[in-house]
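The values are calculated or read from the model by the stated rules, or taken from the named source; none is laboratory data. Just so it is clear, the model here is predicted, and its values are computed rather than measured. Cβ sites come from the backbone with ideal geometry, for glycine too, and all protein chains shown count toward neighbours. Calculation scope for accessible area: heavy atoms of the full protein, side chains included, ligands and nucleic acids excluded. Shrake-Rupley method; radii C 1.70, N 1.55, O 1.52, S 1.80 Å.
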Amino acid sequence: LDELGIPVHSAMPYKIYKCPMALRLPMAIICCSRGCINRCVHCQAGNFQNPIRYRSVESVIQELEELKKLNIKEIKFYDCSLPTNPTFLKALCKKMIEKKYNFTWHCNARAEFIKPDILKLMKISGCHTVAIGCESSNNEILKNMGKRETAEQIEKAVKLIKNLDMRVLMYLTFGLEGETEKTMKATFEFAKRLQPEFVTFGIVVPAPGTPFYESMKRKGYLIEKKLELQDPNCLPTFVYPHLSPERLYNFTRNAYKKYYLSLSYILRRLKRLRTLTELKISFTNAISVLKRYQFERVQ
């Protein structure tokens, strides 16, 4: 991957980019790798970008040097799971500490790679938030989708992160095969109990070429194949005999409202605010949630 060179961030309008998890601005995105070690049935990265490949630590440091010159303060590592290669991540964190960059940053991670020693190093180098792909709290669904992780592993990882006073994002994906009203409610309660600072309630997308798409097509569940309509936050483009697209869509919309607009969540978030920038970002996030899930009229 080093042969591709360093992205020219200065040519981008980087000051306009934001992320709900950012602590500071301006922010930039860095990818240290391509692909994923896993092949979840619905995931494009795992199915289309194998094997996983990494840049060298030197290449990433060169990019960070350029970002420092641009006065970038926050880094979003966009890899599917940054800690998948612990040797790489440890070397990167040590270099960031050594060079005293003072970036704040966040990343994605598979639960199985969340270990206390590497978490501590990540935090010292500036990491404040780790995003975990949870998808479901139902182990049968996780098994059938090829997640190769259990709800117990996910819960343990979330607790390890929170024990170090770092924030957690949990990605939840509804509508995978085996989903029912009961499993959806259980997954919501699972997230509610673990109290992540951020959580997404998305609907699985049948991306062409993935095993999930082929299964939906083979069983006659696909109702729309237009790529522009494939969106985890919109009405699903497939239908199960026991679970309608409307029910899936309404459940996820209500989940956003019930989670983010609850008084207990709001109080927890307010207690964690430390800077004016955090307050501004949180206020912008809150307005977006209200507009989209409370006041927006659904056709």
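Determine, yes or no, whether residue 182 is in contact (Cβ under 8 Å) with a residue 40 or more places away in the chain and either open to solvent by less than 10 Å² (accessible area, probe 1.4 Å) or in a helix (DSSP H, G or I) (or both). Considered against the rule, which asks whether it is in contact (Cβ under 8 Å) with a residue 40 or more places away in the chain and either open to solvent by less than 10 Å² (accessible area, probe 1.4 Å) or in a helix (DSSP H, G or I) (or both), residue 182 comes out as no. Sub-8 Å Cβ pairs linking a first residue in the range 229-247 that is on the phi > 0 side of the Ramachandran plot to a second residue that is surrounded by 13 or more Cβ atoms within 10 Å (Cβ to Cβ), at least 6 apart or interchain, number zero. In the range 73-86 there is at least one residue that is crowded, with 19+ Cβ neighbours inside 10 Å, within 16 Å of residue 161 (Cβ to Cβ) and among the aliphatic types (A, V, I, L, M). The residues of the range 131-177 that are open to solvent by 30 Å² or more (accessible area, probe 1.4 Å) and in a helix (DSSP H, G or I), listed by number, are 139, 140, 143, 144, 152, 153, 155, 156, 159, 160, 162, 163.
The requirement of being within 30 Å of residue 204 (Cβ to Cβ), assigned to a loop (DSSP other than H, G, I, E, B), aromatic (Phe, Trp, Tyr) and in contact (Cβ under 8 Å) with a residue 40 or more places away in the chain is fulfilled nowhere in the range 35-57; no residue meets it.
Looking across the range 28-69, the residues that are open to solvent by 40 Å² or more (accessible area, probe 1.4 Å) and closer than 22 Å to residue 12 by Cα come down to 29, 31, 34, 62, 65, 66, 68, 69. Does residue 149 qualify as being more than 29 Å from residue 2 (Cβ to Cβ) and of a type in the set (D, E, K, R)? When the stated conditions are applied, residue 149 passes them. Of all residues in the range 79-102, those that are at positive phi and within 24 Å of the chain's Cα centre (by Cα) total 1. The residue that is most open to solvent (accessible area, probe 1.4 Å), among those in the range 16-27 that are outside any helix (DSSP H, G or I) and farther than 30 Å from residue 141 by Cα, is 18.
Residues in the range 252-267 that are under 20 Å from the mean Cα position of the chain (by Cα) and open to solvent by less than 40 Å² (accessible area, probe 1.4 Å): 252, 253, 255, 256, 259, 260, 265. All of (1) more than 20 Å from the chain's Cα centre (by Cα); (2) over 24 Å from residue 25 (Cα atoms); (3) at pLDDT 85 or above hold for residue 270 with one exception: (2). For the range 202-216, the set of residues classified as among the small types (Gly, Ala, Ser) and open to solvent by 30 Å² or more (accessible area, probe 1.4 Å) consists of 209 only.
Restricted to the range 289-299, and to residues there that are surrounded by 12 or more Cβ atoms within 10 Å (Cβ to Cβ) and out of contact with any helix residue (DSSP H, G or I) (no Cβ under 7 Å at 6 or more places or on another chain), the residue that is farthest from residue 250 (Cα to Cα) is 290. Just to verify a result, which residue in the range 108-130, among those that are β-branched (Val, Ile, Thr) and in a helix (DSSP H, G or I), is nearest to residue 21 (Cα to Cα)? Among residues in the range 108-130 that are β-branched (Val, Ile, Thr) and in a helix (DSSP H, G or I), the one nearest to residue 21 (Cα to Cα) is 124. Checking the stated criteria, residue 235 turns out to be at pLDDT below 95, surrounded by 14 or more Cβ atoms within 10 Å (Cβ to Cβ) and over 30 Å from residue 73 (Cβ atoms). Within the span defined as the range 96-107, one or more residues are outside any loop (DSSP other than H, G, I, E, B), in contact (Cβ under 8 Å) with a residue 40 or more places away in the chain and closer than 19 Å to residue 199 by Cα.
When the range 38-78 is filtered for residues that are aliphatic (A, V, I, L, M) and over 16 Å from the mean Cα position of the chain (by Cα), the ones remaining, listed by number, are 41, 52, 57, 60, 61, 64, 67, 70, 72. Among the residues examined, residue 93 qualifies as crowded, with 20+ Cβ neighbours inside 10 Å and farther than 30 Å from residue 214 by Cα. The condition (being under 19 Å from residue 171 (Cα atoms) and free of Cβ contacts under 8 Å to residues at least 40 places away in the same chain) is satisfied by just one residue among 261, 270, 222: 261.
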